[in-house]
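Below you'll find the structure I mean.
The values are calculated or read from the model by the stated rules, or taken from the named source; none is laboratory data. Source: prediction; values computed, not measured. Neighbour counts are summed over all protein chains in view; Cβ atoms, including those assigned to glycine, are modelled from backbone coordinates with ideal geometry.
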């Protein structure tokens, strides 16, 4: 009997998993009974899993190993919101933003909160550096919302700035790419590979937004032994259990909240409110404060709705168990 083996998930295709093995790639499916019984987290790209080999066909995944980092989002289902894991076991998160008219600080704040929450180290990559002569103004704007985060301007076309990425892309390290469609993730991956392995779609001229190129999350091994997890472009990422990430991404805002001398302050018209003083002095912009409140409200709403769904599921299980007992008693 073949022994179980540890493999890494390189891609997920609608319930079928592509795995990295010593002798190449292997395809596998979940052993559903074990996952339901043990309440195992479903594997995602980058996960290490225990696999029952099957030389005759698809192997079986029987366990997901503990993750050192995990990027998640709210699964877009209005009726049953739940956490969806997008990538796991990475060291660095490349938050990619294009240097065109689609440049958006508020989107970067959201990505930063999710990146900090994931356990990876966020780095902001400004792509399409060949479109402008000097990115310094964009970098200055980002520095007001991304304290302590490296910001690097690059061009996959000219090669500008690519050398600055080398310290994050060392043998054995893993980077996950995050960004909207058309932002240049596939172009950067092709540049790092030294060959075209991903199709690249041009952005639309009217709004500088792109179409999806990557259709699924994929783990790619670079020539130097580093790994990249490429993800489909996602313009909006729903927050999920991101309180710590928000606190890290908005550390300046929360420092003002901590300095406020009123425990029940609404931070609106109260005299001496530290938050209002920070906004009035320009230390925090009104837009950043509004963005912070929006993300906090969104996270709280999701937490409350998810808790309600869990309570409903528990009640349904209790009712089903009661019905089964009653049937046994009447037989």
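Being closer than 27 Å to residue 186 by Cβ, in contact with a helix residue (DSSP H, G or I) (Cβ under 7 Å, 6 or more places away or on another chain) and touching a residue at least 40 places away in the same chain (Cβ under 8 Å) narrows it down to one residue among 93, 9, 62, 49; which is it?
Going through 93, 9, 62, 49 in turn, the sole match is 93.
Among the numbered conditions (1) in contact with a strand residue (DSSP E or B) (Cβ under 9 Å, 6 or more places away or on another chain); (2) more than 20 Å from residue 220 (Cβ to Cβ); (3) at pLDDT 90 or above, tell me where residue 173 comes up short.
Among (1) in contact with a strand residue (DSSP E or B) (Cβ under 9 Å, 6 or more places away or on another chain); (2) more than 20 Å from residue 220 (Cβ to Cβ); (3) at pLDDT 90 or above, residue 173 violates only (2).
Of all residues in segment 272-289, which are surrounded by 19 or more Cβ atoms within 10 Å (Cβ to Cβ), at pLDDT below 90 and in a loop (DSSP other than H, G, I, E, B)?
Scanning segment 272-289 gives a single hit, 273.
Is it the case that segment 188-200 has a residue that's outside the structural domain of residue 25 (by TED's automatic domain parsing), within 16 Å of residue 97 (Cβ to Cβ) and either modelled with pLDDT of 90 or more or part of a loop (DSSP other than H, G, I, E, B) (or both)?
Yes.
Additional query: Inspect segment 298-314 for any residue being outside the structural domain of residue 219 (by TED's automatic domain parsing), under 19 Å from residue 74 (Cα atoms), at pLDDT 85 or above and under 19 Å from the mean Cα position of the chain (by Cα) and give the result as yes or no.
Scanning segment 298-314, I find no residue that is outside the structural domain of residue 219 (by TED's automatic domain parsing), under 19 Å from residue 74 (Cα atoms), at pLDDT 85 or above and under 19 Å from the mean Cα position of the chain (by Cα), so the answer is no.
Going residue by residue through segment 129-151, is there one that turns out to be at negative phi and within 12 Å of the chain's Cα centre (by Cα)?
no
I'd like the residue in segment 47-93 that is more than 30 Å from residue 3 (Cβ to Cβ) and at pLDDT 95 or above and, out of all such residues, is surrounded by the fewest Cβ atoms within 10 Å (Cβ to Cβ). Steps first, answer last, please.
From segment 47-93, those more than 30 Å from residue 3 (Cβ to Cβ) are 71-84, 86, 92-93; that's our starting set.
Filter once more, keeping what is at pLDDT 95 or above: 92-93.
Numbers: 92: 21, 93: 28.
Out of the qualifying residues, it is 92.
Does residue 245 satisfy being loosely packed, with under 10 Cβ neighbours inside 10 Å, out of contact with any strand residue (DSSP E or B) (no Cβ under 6 Å at 6 or more places or on another chain), within 18 Å of residue 105 (Cβ to Cβ) and at pLDDT 80 or above?
Against the criterion (loosely packed, with under 10 Cβ neighbours inside 10 Å, out of contact with any strand residue (DSSP E or B) (no Cβ under 6 Å at 6 or more places or on another chain), within 18 Å of residue 105 (Cβ to Cβ) and at pLDDT 80 or above), residue 245 does not qualify.
Also: Select the strands (runs of 3 or more DSSP E) contained entirely in segment 60-174, then report the ones holding at least 1 residues which are more than 28 Å from residue 43 (Cα to Cα) and not assigned by TED's automatic domain parsing to the domain that holds residue 284.
92-98, 121-127, 150-153
Next up: Residue by residue through segment 33-46, note down the ones that are at pLDDT 85 or above and more than 27 Å from residue 174 (Cα to Cα).
33, 34
On to the next question. Restricting attention to segment 1-45, which residues are assigned to a loop (DSSP other than H, G, I, E, B) and over 22 Å from the mean Cα position of the chain (by Cα)?
Those that are assigned to a loop (DSSP other than H, G, I, E, B) and over 22 Å from the mean Cα position of the chain (by Cα): 1, 2, 3, 4, 22, 23, 31, 39.
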